[in-house]
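Contents: one structure, followed by commentary.
The values are calculated or read from the model by the stated rules, or taken from the named source; none is laboratory data. This is a predicted model, so every value here is computed, not measured. Quick reminder, even Gly has a Cβ in these numbers, built from the backbone with ideal geometry, and neighbours come from all protein chains shown.
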Amino acid sequence: MSSVLSDVRSKALELPPTERELLIHDLLVSLDGGEDADESVEAAWATVIARRSNEVHRGTAKLVDMDVALDRVLQAAEEGEQ
């Protein structure tokens, strides 16, 4: 890891969560070529991803076992077909 990257990473991790979310958004948009048409969608997803990640790391997220989640999805799909 370059020293510049290391410095930027260190400073970014010191930012409050809301500012890190904005930084994540800007970085993701830059990887997509900065297309304005998808910017609001990308911003929304970046915010959701950052919030959910923070919840998991803080231990405040309500986690669901994968088998339970899959059963719920399959049940919802079956109900939608009726």
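Output the number of the condition that Val29 fails; it satisfies all remaining conditions of (1) of a type in the set (Val, Ile, Thr); (2) surrounded by 13 or more Cβ atoms within 10 Å (Cβ to Cβ); (3) at pLDDT 90 or above.
That leaves (3) as the condition not met.
Give me the pairs, please: first residue somewhere in region 55-82 and touching a residue at least 60 places away in the same chain (Cβ under 8 Å) and farther than 30 Å from Glu21 by Cβ, second residue anywhere and surrounded by fewer than 10 Cβ atoms within 10 Å (Cβ to Cβ) and not charged (D, E, K, R), beta-carbon distance under 7 Å, and either six or more positions apart or on two chains.
No pair meets every condition.
Can you tell which of Leu15, Leu63, Leu5, Leu74 is surrounded by fewer than 11 Cβ atoms within 10 Å (Cβ to Cβ), assigned to a loop (DSSP other than H, G, I, E, B) and either modelled with pLDDT of 90 or more or aliphatic (A, V, I, L, M) (or both)?
Leu63
Exactly one condition in (1) surrounded by fewer than 10 Cβ atoms within 10 Å (Cβ to Cβ); (2) in a helix (DSSP H, G or I); (3) among the basic types (Lys, Arg) is false for Arg52; which is it?
(1)
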